[in-house]
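One structure is given below, encoded as structure tokens.
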Amino acid sequence: MWKFTTSKNLNPDSDEMILDTENIPKHIAIIMDGNGRWAKSRKLPRSMGHKAGVEVINKIVKASSDIGVKYLTLYAFSTENWQRPKDEVSALMRLLVEYMRKELNNLNKNNVKIQTIGDISKFPQICIDVLEDSKLKTKDNTGLVLNLALNYGGRAEILGAFKNIFNDYENGRLTKEYIANLTEENFNKYTYTAGIPDPDIIIRPSGEQRLSNFLLWQCAYSEFWYSDILWPDFTVDHLYKAIFDYQKRDRRFGKVK
Ligand code: IPE
Ligand code: IPE
Ligand code: MG
């Protein structure tokens, strides 16, 4: 059983399952990976793995929100995932629409604000409509921001930011001087995550230890947490364990203490 306490009551060397309520990551990003292998091990079609994966989402959203996480980014579809078989891609799109339709009221009631990163304009119209509707209905919510990475790629994002900066220059919205003196902070305004702090921790289940084009610009000082657990088997306990490990890390940001 997990317990919660404030920093001053915490013994940093203890291995007891206690989380420091004053050091909860503000932004958690998760690569929801392993659905296919989960299905394969049960001799089920891959789409069943995706279905099982979707069922994990609410628990993780609720647990994150309960402990005061402000941003939860979930990698659901990458720019490379289009290269999967057509029926798998359509199953993923269908599941997205089903999830939003089924859960929107509940998410809204729980004060969750839905946002997306990635180019959803390439999605089927029904997905776009349901996503836009979800964003609109939850736009004034002040609780957890559920940020869905859909048709997201870190390289595409960086390239897109560069192109938009160029367009703004061409249209006279930016000066040559602004571009010559472009800062990281100003570049950030052109990324999908403008206004969102960088992820404190990136969680990847499924045993893979790579980013797969996720948040390349934003991950500069993120802590990484890997586990062999497959996403459909991921529980709140795993989330808390990741946060527990995160709280034991020494984030130096290149400095000395
Ligand atoms: C993650 O699970 C879901 C998406 C990429 C959409 P996978 O489908 O990648 O599962 P594995 O990695 O094949 O097990
Ligand atoms: C990353 O997983 C993308 C998502 C989870 C949405 P992949 O399964 O697509 O990544 P690779 O192919 O193992 O690198
Ligand atoms: Mg995978």
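Is there a residue being open to solvent by 40 Å² or more (accessible area, probe 1.4 Å), modelled with pLDDT of 95 or more and either within 16 Å of ligand 2 (Cβ to nearest atom) or of a type in the set (V, I, T) (or both) anywhere in region 26-37? So far as region 26-37 goes, yes, one or more of its residues are open to solvent by 40 Å² or more (accessible area, probe 1.4 Å), modelled with pLDDT of 95 or more and either within 16 Å of ligand 2 (Cβ to nearest atom) or of a type in the set (V, I, T) (or both).
If the condition is being surrounded by fewer than 16 Cβ atoms within 10 Å (Cβ to Cβ), within 16 Å of ligand 3 (Cβ to nearest atom) and touching a residue at least 40 places away in the same chain (Cβ under 8 Å), then region 206-229 contributes G207, E208, S212.
Quick grid of which residues meet (1) of a type in the set (K, R); (2) away from ligand 3 (no atom under 16 Å from the Cβ); (3) not in a helix (DSSP H, G or I):
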position	(1), (2), (3)
N23	no, yes, yes
K43	yes, yes, yes
V56	no, no, no
A63	no, yes, no
S90	no, yes, no
M100	no, yes, no
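Scanning region 45-54 for residues that are outside any loop (DSSP other than H, G, I, E, B) and either more than 16 Å from ligand 3 (Cβ to nearest atom) or open to solvent by 20 Å² or more (accessible area, probe 1.4 Å) (or both) returns R46, S47, M48, K51, V54.
Just to be sure, is L215 within 16 Å of ligand 2 (Cβ to nearest atom) and within 24 Å of T116 (Cα to Cα)?
yes
Residues in region 168-188 include none that are surrounded by 17 or more Cβ atoms within 10 Å (Cβ to Cβ) and within 16 Å of ligand 2 (Cβ to nearest atom).
How many residues does region 246-257 contain that are outside any helix (DSSP H, G or I) and either of a type in the set (S, T, N, Q) or farther than 18 Å from H27 by Cβ (or both)? Residues in region 246-257 being outside any helix (DSSP H, G or I) and either of a type in the set (S, T, N, Q) or farther than 18 Å from H27 by Cβ (or both): 6 in total. Does any residue in region 1-16 that is open to solvent by less than 100 Å² (accessible area, probe 1.4 Å) come within less than 9 Å, Cβ to Cβ, of a residue that is among the β-branched types (V, I, T) and part of a loop (DSSP other than H, G, I, E, B) six or more places away or on a different chain, and which pairs are these? Once the first residue is open to solvent by less than 100 Å² (accessible area, probe 1.4 Å) and sits in region 1-16, its partners that are among the β-branched types (V, I, T) and part of a loop (DSSP other than H, G, I, E, B) give F4/T21; F4/I67; T5/T21; T6/T21; S7/T21.
Evaluated against (1) open to solvent by less than 40 Å² (accessible area, probe 1.4 Å); (2) within 14 Å of ligand 1 (Cβ to nearest atom); (3) in contact (Cβ under 8 Å) with a residue 12 or more places away in the chain, V89 falls short on exactly one condition, (3). Contact map, region 176-205: first residue within 18 Å of S222 (Cβ to Cβ) and touching a residue at least 40 places away in the same chain (Cβ under 8 Å), second residue open to solvent by 80 Å² or more (accessible area, probe 1.4 Å) and not hydrophobic (A, V, I, L, M, F, W, C), Cβ cut-off under 8 Å, separation 6 or more or different chains; pairs are P197/K26; D198/Y221; D200/K26; R204/R210; P205/D228.
If you go through region 101-138 and keep only what is open to solvent by 80 Å² or more (accessible area, probe 1.4 Å) and under 19 Å from the mean Cα position of the chain (by Cα), you end up with N110, E132.
The values are calculated or read from the model by the stated rules, or taken from the named source; none is laboratory data. Keep in mind that this is a model prediction, so the values were computed, not measured. All Cβ positions, even for glycine, are placed from backbone atoms using ideal geometry, and neighbour counts span all protein chains on display. Note: accessible area is taken over every heavy atom of the protein model, side chains too, but ligands, DNA and RNA are not part of it. Shrake-Rupley method; radii C 1.70, N 1.55, O 1.52, S 1.80 Å.
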